Amino acid sequence: MRYLEDTAALARKDLLLELRAKETLPSMLLFVIAALTIFHFALPRGTSDVAARGLLWSALVFTALLGLTRAFVPEREQGMFDALVLAPCDRSAIWLGKAIAVLGFLVAAEVVALPAFAVFFSGLDARTVAAVALADVGIAAVGTLFGAMAVAGRARELLLPLLFLPMAIPIVVGGIGGYLWFLALYDAIFALLSWAMFEYVVAETA
């Protein structure tokens, strides 16, 4: 119970900070809508549904990267990352709390992005929505781990994309193909690995 309370407190902290500052979510919304608008006018008429879905997943991955870049910004700007790591809670609870907050930002952005895609392109089916929901879990899990790795580096904004984007390729492949079982397996494996590795990652970066 203490573990769950710590996780909930950490996730609530990040969500409340975002509600007050209004920095991460507005930028994600602006980016994904701008990207989909550009894709809408750039694609020729008669483009296949597969190509349209590919552009959707590209927009979602880069929107997620924008949110992940800011996942540890409050602690970094205030010099509180070491204090967060030394807090009297299991370090994996830090990862889980951050991942839940990132997942919340992704879902909020996609509540706007998916209807926009349906309007701009050829509609939206339930399989695509399910694929996006599964992908969000994997993105939040892996991205939060890599965000913690990158936060201590000098080239943080460069390091995170280099770490995250190769790991996002299976998500894009599974999403475009609608392979729900593949996305669920990806989530299970990499969420478990990220949860187990986080303590060792922050021990090196703190």
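The values are calculated or read from the model by the stated rules, or taken from the named source; none is laboratory data. Computed from a predicted structure; not experimentally measured. Ideal geometry is used to build each Cβ from the backbone, glycine not excepted, and the neighbour counts take in all protein chains shown. Accessible surface is based on the protein model in full, side chains and every heavy atom, while ligands, DNA and RNA are left aside. Shrake-Rupley method; radii C 1.70, N 1.55, O 1.52, S 1.80 Å.
So residue 95 passes all but one of these: (1) surrounded by fewer than 23 Cβ atoms within 10 Å (Cβ to Cβ); (2) at pLDDT 85 or above; (3) under 25 Å from residue 10 (Cβ atoms). Which condition number does it fail?
The number of the failed condition is (1).
For the stretch 40-54, give me each residue that is open to solvent by less than 60 Å² (accessible area, probe 1.4 Å) and either modelled with pLDDT of 90 or more or among the small types (Gly, Ala, Ser) (or both).
Matches in the stretch 40-54: 51, 52, 54.
Just to be sure I understand the filter: pairs with C-beta atoms under 7 Å, separated by 6 or more residues or on different chains, first member in the stretch 186-206 and in a helix (DSSP H, G or I) and open to solvent by 80 Å² or more (accessible area, probe 1.4 Å), second member among the basic types (Lys, Arg) and at pLDDT below 85. Which pairs pass?
199/91
Is there any pair with a first residue in the stretch 158-169 that is without any contact (Cβ under 8 Å) to a residue 40 or more places away in the chain and a second that is open to solvent by 60 Å² or more (accessible area, probe 1.4 Å) and among the aliphatic types (A, V, I, L, M) whose Cβ atoms are under 8 Å apart and which are 6 or more apart or on different chains, and what are they?
The qualifying pairs do not exist here.
Could you list all residues from the stretch 121-161 that are open to solvent by 60 Å² or more (accessible area, probe 1.4 Å) and more than 30 Å from residue 76 (Cα to Cα)?
The answer is 122, 124, 125, 126, 127, 129.
Is there a residue being over 13 Å from residue 120 (Cα atoms), surrounded by 15 or more Cβ atoms within 10 Å (Cβ to Cβ) and β-branched (Val, Ile, Thr) anywhere in the stretch 13-24?
yes
Give the residues of the stretch 109-120 that are under 21 Å from residue 71 (Cα atoms) and open to solvent by less than 40 Å² (accessible area, probe 1.4 Å), sorted by residue number.
Those that are under 21 Å from residue 71 (Cα atoms) and open to solvent by less than 40 Å² (accessible area, probe 1.4 Å): 109, 110, 113.
Please work out which residue is farthest from the chain's Cα centre (by Cα), limiting yourself to the stretch 161-185 and to residues that are of a type in the set (Gly, Ala, Ser) and assigned to a helix (DSSP H, G or I).
177
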